[in-house]
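Visitor: Take a look at the following structure, please.
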Amino acid sequence: DKSTHDFLMLTGSKHSKSVADSQKSLWKVINYCEDKFTCRRVFQLNYLGEYFDPSYCNKTCDNCQANRQFIQKDITQEANKII
């Protein structure tokens, strides 16, 4: 899990730059795993420094097949009621 990887990165390296790079890479993997909207091929090719137009995926990845729609909603009033 993430906390174990953080511990190993922090205790295994004395160089803050390599720790920061490792943490950045870990966050990329976590984002890839948890994202339910972005085309997987976009993620993969972006990681390799390439651009991929998701319209060419043709629903070959799980996220494009699911065809989920992101809805942005203002929940300020609900949050204020909780506070």
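Visitor: With the cut-off at 14 Å, report for the chain the share of all Cα pairs above it, as a whole percent. Intermediate values should be presented prior to the final figure.
Guide: Details: 2502 of 3403 pairs.
When every Cα pair of the chain is considered, 74 percent fall beyond 14 Å.
Visitor: Report the local net charge at Ala66: Lys and Arg +1, Asp and Glu -1, summed over other residues whose C-beta lies under 13 Å from its C-beta.
Guide: Working: positive: Lys36, Arg40, Lys59, Arg68; negative: Asp35, Asp62.
Net charge around Ala66: +2.
Visitor: Could you pull out every whole DSSP H run in the chain that spans at least 24 Å of Cα extent along its own axis and averages 0.5 or higher on the Kyte-Doolittle scale?
Guide: Numbers: long enough: 16-34 (27 Å, -0.53).
Helices meeting the criterion: none.
Every read-out reported here was derived from the displayed coordinates using simple, explicitly stated rules and does not represent laboratory data. Here the structure is a predicted model, which is why all the values come from computation and not from measurement. So basically every Cβ, Gly included, is an ideal-geometry build from the backbone, and we count neighbours across all protein chains shown.
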